[in-house]
Each structure stands twice: as C-alpha cells, then as structure tokens.
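The values are calculated or read from the model by the stated rules, or taken from the named source; none is laboratory data. If you're wondering where the values come from, they're calculated on a predicted model, not measured in any experiment. Note that each Cβ is placed from the backbone with ideal geometry, even for glycine, and that neighbours are counted across all protein chains shown. We work out accessible area using only protein heavy atoms, side chains counted, and drop any ligands, DNA or RNA first. Shrake-Rupley method; radii C 1.70, N 1.55, O 1.52, S 1.80 Å.
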Amino acid sequence: DTEVTQTPKHLVMGMTNKKSLKCEQHMGHRAMYWYKQKAKKPPELMFVYSYEKLSINESVPSRFSPECPNSSLLNLHLHALQPEDSALYLCASSQGDREDGYTFGSGTRLTVV
Amino acid sequence: DQQVKQNSPSLSVQEGRISILNCDYTNSMFDYFLWYKKYPAEGPTFLISISSIKDKNEDGRFTVFLNKSAKHLSLHIVPSQPGDSAVYFCAASEGTGTASKLTFGTGTRLQVTL
C-alpha cells in the first residue's frame, strides 16, 4: 500500500458545525502533515506530526485541532470555521528520508457556508 | 514573505521539445529541493529531488539543476509529452528527518501542445 487516503473527499459545513477530516497511511511513515491550499496558491503547511507527537504548528488558529491517534492515522478537527477557511486540505506522510519527498493524499475539498 | 518563488505562472511547450521550469529561493537553510506535479482535485505527486550538496540529478526524462550560489534551481523535461501538462511546484526542505518542513513555490502551469 503506497497511498495516503483522505476522507471525506468533499465537505460542506456551516460556521457553527463541528466536523473532522481523516487521513490514513499504511506505509510505516513516521511523519504526517496537514497542508492547506487555496485556489491558485501553493500548499501551506499547517501541522507536522513526528512519531505521533506534534512537532510543528505553523501558528494555526485554534479552530483547527489536529490529532494523531496512532502512527497510521491523522485527524483534523474543525470547529467554528469561517468562510475564508474554505480550501483544499491535504494530508501527507514521509519516512523522513527527505530525498524521497512526501506522499500526498488527494485532499478534502472543504466549503464553509 | 514568499521564500520559494516560481516567476513564470504558465509555460506552453510543443510536444517533443524541452520544458524548462525555474525556481528561486531566499532561505539559505533550505538543504533539499523537490519538484512536484499536480493535477486539479488531486494531491501533489513527487517527481524528483536534489540535495544542496549536488548540482544535478537525473531521473528518466526529468533533470533538476541546482545553482546554490544563485539560489536557483530548474527542472528540465525532455522530451515533453501531453501527459506532462499539469501544475509544477518547486519545494524546499529545511530541518532534520521527520521534523523537516516543506515550503512550496507558487507553481507553474505547464501546457504541452501537439
């Protein structure tokens, strides 16, 4: 299995809703990442988990709450989002050998209404 | 503050010719550079990387060149094929091992025409 699987593929949520994005990989990768990509912009790093511990938080608002329940799973809990948070949310994983790059999932297209 | 820049938002190349995509960076702490290809509604796909201690890396039709003194890298695709049409992101890595972080450039949309 050489994939990163993200669910759901599409999500529409109201500003008062609570929802979660899920990411799963079974490649034994020890680092997992959340990126956010707005239209016509590059992906921007949100969080890095290394060995199931949060190692980097790029000053992301607290309405985004990451969780790494085990080495294969990464969640992003969403609460009280704003319309400007609408974006493609990408999950990635890596073994730590930086020349091999990250493996990205297909993303979750989030729309906040 | 955009630390990784791709100054050409788009590029059109004829099938069979060479595509050259350029990237500039400002952060001297970057020590690995990578190129990703992205189709709409999909995640980026890793293409090729280069360490800052090298000046060239080749993989099939893809070659990446690094000029560290100029803080510039380029991706050459030879020969270009219609299936290469996508958005290409340059990315730069800093940090160590699993605590590293990847910063993406602004992207170049490549269109390979028949």
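Screening residue B:55 against (1) more than 14 Å from chain A (Cβ to nearest Cβ); (2) touching a helix residue (DSSP H, G or I) at 6+ places or on another chain (Cβ under 8 Å) leaves a single unmet condition, (2). Residue-level analysis places residue B:107 outside the set of residues that are closer than 26 Å to residue A:44 by Cβ, touching a Phe, Trp or Tyr at 6+ places or on another chain (Cβ under 7 Å) and free of Cβ contacts under 8 Å to residues at least 12 places away in the same chain.
In region B:9-41, the residue that is most open to solvent (accessible area, probe 1.4 Å) out of those that are under 23 Å from residue B:100 (Cα atoms) and over 12 Å from the mean Cα position of the chain (by Cα) is B:29. Among the criteria (1) closer than 23 Å to residue A:13 by Cβ; (2) in contact with a His (Cβ under 7 Å, 6 or more places away or on another chain); (3) not small (Gly, Ala, Ser), the one residue A:47 does not fulfil is (2). Only one of the numbered conditions (1) small (Gly, Ala, Ser); (2) more than 18 Å from residue B:107 (Cα to Cα); (3) modelled with pLDDT of 95 or more is violated by residue B:28, and that is (3). Among the residues of region A:44-86, those identified as within 17 Å of residue A:113 (Cα to Cα) and open to solvent by less than 60 Å² (accessible area, probe 1.4 Å) are A:64, A:78, A:80, A:81, A:85, A:86. Of everything in region B:91-114 that is facing another protein chain (nearest Cβ under 9 Å) and hydrophobic (A, V, I, L, M, F, W, C), the residue that is most open to solvent (accessible area, probe 1.4 Å) is B:99.
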